[in-house]
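Report on the structure given below.
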Amino acid sequence: MPPVAIRPKSHDAFALAQTLMPGGVNSPARAFGAVGGEPIFIDHAEGAYLFDVDGNQYIDYIGSWGPMILGHAYPPVVESLAAAIGRGTSYGAPTVGENELCELIIELVPSIEKVRLVNSGTEATMSAIRLARGVTGRDKIVKFAGNYHGHVDSLLVAAGSAAATLAVPNSPGVTAGASADTVVLEYNDAEGLEAAFAKHGSTIAGVIFEPVCGNMGVVLPTKEFLVALHSVTKQHGTLLICDEVMTGFRLAPGGAQELLGIKPDITTLGKIVGGGLPVGAYGGSAEIMSHVLPEGKVFQAGTLSGNPLATAAGATTLRTLRDAPPYERLEMLSERLETGLRAAAEKSGLPFTLARVGSMLTLFFSGEPVTSWKSAAKCDTKRFADFFWGMMDRGVYLPCSQYEALFVSAAHNENDIDNTIAAAEEVLKGL
Ligand code: KE4
């Protein structure tokens, strides 16, 4: 369904952007490829709202793809940046701000004793993979179809057929060599995992997984899958890498590992940890992290890692989540949204399933529960695109793909939720 409201300034900005940047964007997810139409250019944001360059206001459920758990332009974060910016923006030397952010991460994330700050979730997962290989001296890495860990060459691979598959690259430029040591399995397939380890166990350096998936839409792990992840990695001396870039500080102060009792060897973080500025992190036991240069020999570096502005925004965000936890409010608002969306979808008679964990939610246009990439791939993405634009034209900005999670923030209120539900009722009955 093409957008009804016209957005001339966004249209013009996008026309120019396409002459400057590939596809007119700096990250492909923003190009609206999955829903058609043209991306909307944002002028500013505040609390739960986005304002586009044509003056339209939207209730925001992207939250910058996760970071904005406290809402946009959260005053304490703005104040911390204002205080920091006059002191210089980057020194290339250690700062106490890095100590403060790392102390908060170690305090909040159960499995982390030592942590290294980087600049994105991709850098975090890339470094975690290298660390697992460096610690174990092994080459192979296991990942799961439908799990996204950033644009790391060895993780940009599609699942092949059969249980334990040597992956094939699914992006030009990713060489067969780069993905030769990547084994791709089915999420929530405990038996397939055990079979892969029976075959390759002694050569597997690490298993990386999303503890609650957000990148095929929200998919919860089964208990059996979590048990198998812990048992096979322990049994074979493989490191368990919990990718909490999206779930970290989102589902609980200690992320999905606190909520689900997961005990990873390495945790990767991003998004919320920077409060909307570029921060990623990876951490684990002091022993494992002692392998990272300059303490150990595993190389990793970054000019802007631990940047004073980013650590100020990140530390203020984590301090707020620790001292004034919004999780009860997030649960109340998110449950209200789930209940309303479920009722609206039921009233429409359309096939759907809905998955939610805390303030992460996905309405799937499929009558079959989504438990892995195989079932996720059966969704009616055309119908999702129509739903997306119908909501957008009613002032509700959803993630622009069926295979993403919607995020509720502490800045949303009951009125926002009820307006979202009312819009969904209108749109769904017209699909
Ligand atoms: P970044 O490099 O984009 O900071 O993080 C990569 C990453 C790693 N791990 C998980 C679980 C992630 O979800 C991500 C990034 N998430 C996507 C959206 N689902 C970012 C959006 C984008 O690519 O623009």
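The values are calculated or read from the model by the stated rules, or taken from the named source; none is laboratory data. All values reported here derive from a predicted model rather than from experimental measurement. Here the Cβ is made from the backbone with ideal geometry for all residues, glycine too, and neighbour counts use every protein chain on show. Just the protein is used for accessible areas: all its heavy atoms, side chains included, with ligands, DNA and RNA removed. Shrake-Rupley method; radii C 1.70, N 1.55, O 1.52, S 1.80 Å.
Some observations on this one:
- Of the residues in the range 351-365, not one is assigned to a helix (DSSP H, G or I), surrounded by fewer than 21 Cβ atoms within 10 Å (Cβ to Cβ) and not hydroxyl-bearing (S, T, Y).
- Only a single criterion out of (1) among the polar types (S, T, N, Q); (2) in contact (Cβ under 8 Å) with a residue 24 or more places away in the chain; (3) open to solvent by 10 Å² or more (accessible area, probe 1.4 Å) is not satisfied by T233, namely (3).
- Test set (1) within 27 Å of K271 (Cβ to Cβ); (2) touching a helix residue (DSSP H, G or I) at 6+ places or on another chain (Cβ under 9 Å); (3) touching a residue at least 40 places away in the same chain (Cβ under 8 Å) - A385 fails condition number: (2)
- Condition met for K271 (open to solvent by 10 Å² or more (accessible area, probe 1.4 Å) and within 13 Å of the ligand (Cβ to nearest atom)): yes
Okay, residues lined up against (1) more than 16 Å from the ligand (Cβ to nearest atom); (2) on the phi < 0 side of the Ramachandran plot; (3) open to solvent by 40 Å² or more (accessible area, probe 1.4 Å):
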position: N56; (1), (2), (3): yes, yes, yes
position: G71; (1), (2), (3): yes, no, no
position: P75; (1), (2), (3): yes, yes, yes
position: G121; (1), (2), (3): no, yes, no
position: T125; (1), (2), (3): no, yes, no
position: R130; (1), (2), (3): no, yes, yes
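- Selected residue [in contact with a Phe, Trp or Tyr (Cβ under 8 Å, 6 or more places away or on another chain) and either aromatic (F, W, Y) or in contact (Cβ under 8 Å) with a residue 60 or more places away in the chain (or both)] from A48, A29: A29
- Members of the range 313-342 that are without any contact (Cβ under 8 Å) to a residue 60 or more places away in the chain and in a helix (DSSP H, G or I): D323, E328, E331, M332, E335, E338, T339, R342
- Pair list, Cβ under 6 Å, 6 or more apart: the range 417-431 residue within 16 Å of E338 (Cβ to Cβ), other residue hydroxyl-bearing (S, T, Y) and in a helix (DSSP H, G or I): L428/S348
- The set of residues in the range 76-127 being of a type in the set (S, T, N, Q) and more than 22 Å from the chain's Cα centre (by Cα) consists of S80, T89, S90, T95, N99.
- Restricting attention to the range 196-210, the residues being more than 16 Å from the ligand (Cβ to nearest atom) and either open to solvent by 50 Å² or more (accessible area, probe 1.4 Å) or in a strand (DSSP E or B) (or both) number 6.
- Checked against the criterion of being open to solvent by 20 Å² or more (accessible area, probe 1.4 Å) and either assigned to a loop (DSSP other than H, G, I, E, B) or touching a Ser or Thr at 6+ places or on another chain (Cβ under 7 Å) (or both), the candidates K382, K378, K374, K347 yield just one match: K378.
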